[in-house]
Amino acid sequence: MNLVALRSQVARPSVVIGSLLLGIAMGLLFPELASRLALVSNIYLALLKMIVLPFMVSAIIFSLYRLFQEGHTGRLLTRIVGFSLLVLMIAAGVAAVTALLVTPGKNLPAETMLQLGQVVGGGAASDEMALFSQDQTVSGPSVLGMLTQLIPDNIFSALAQGETLKAFVFALLFGCALAKVPAEVADPLSRSMETIFHACQTLTRWFNYFLPIVLFSMVASQIAQTGVEPLQAMLGFLAALGMAGGC
């Protein structure tokens, strides 16, 4: 079996569902052993996070440079921004209507909600908040302050700390500026960005070969820690998500 056939096999719905079911059974029957499998999923997630920023930055810079080189940039950007805003508004409306109709998470026991919160938030102490306290006046962030926080004062520090939005802003500005540089100077850097982009794509394909094993390990370790109650609670959210996606 060649790599292309193997990649198509690991992405089949039957393989994904089978991995999930096996992970649930492993977590219920052998919880101590299943809890040790968290190391596998943690390594896989770390590998994916490793390539997110190089993938995003190289793709934006390379794509913008090519877009400006093709011409008619203003018209294309206007269409892209307008279409994106339209899709965002439609998606927000569909999500709101679906949530009102399905009401996922309604009438769940308090213990199940607590376990679900630990799964989603990781149980970090920084996520805790007081439900009953004295009224305090909290001023929301200003628009100018939010815009200032999006601009990286040190792009290398932003990349090292994994600040995705700051890296995104830098990539947009840098890609637009690169398009204004003479082609004989900008082409080598553009080819370098293209090389990084394709290399990140290759790494992603390699990582996907291990998707069934990772799903099995991730579900098994999670079930061993929290049981099946959070999974049952999330079925409503998954149903709402499927309904909204089908629309």
| request: Pop a pseudo-label 7 angstrom from the Cα along the beta-carbon direction at both residue 88 and residue 15 and give the gap in nm to one decimal. | output: 3.6
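Shape verdict for segment 1-47, please, from the Cα gyration tensor: rounded (a/c under 1.5), prolate (a/b greater than b/c) or oblate.
Working: a/c = 3.17, a/b = 1.56, b/c = 2.03.
Oblate.
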| remark: Sorted on mean Cβ neighbours within 10 Å (highest first), peptides 37-48, 214-225, 81-92 come out as 214-225, 37-48, 81-92
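Going by a ≥ b ≥ c, the root eigenvalues of the Cα gyration tensor, does segment 175-229 fall in the rounded group (a/c under 1.5), the prolate group (a/b larger than b/c) or the oblate group?
Numbers: a/c = 8.63, a/b = 3.31, b/c = 2.60.
Prolate, since a/c reaches 1.5 and a/b exceeds b/c.
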| query | Can you list the HN-Hα couplings for segment 5-10, worked out from phi with the Karplus curve (6.51, -1.76, 1.60; θ = phi - 60°), rounded to whole Hz and with x for Gly and Pro? | reply | 5, 5, 5, 5, 6, 5
| Would you list 176, 200 from fewest to most Cβ contacts within 10 Å? | 176, 200
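Read-outs: derived from the displayed coordinates by stated rules, not from any lab. Here the structure is a predicted model, which means the values were calculated and not measured. All Cβ positions, glycine included, derive from the backbone under ideal geometry; neighbour counts span all protein chains shown.
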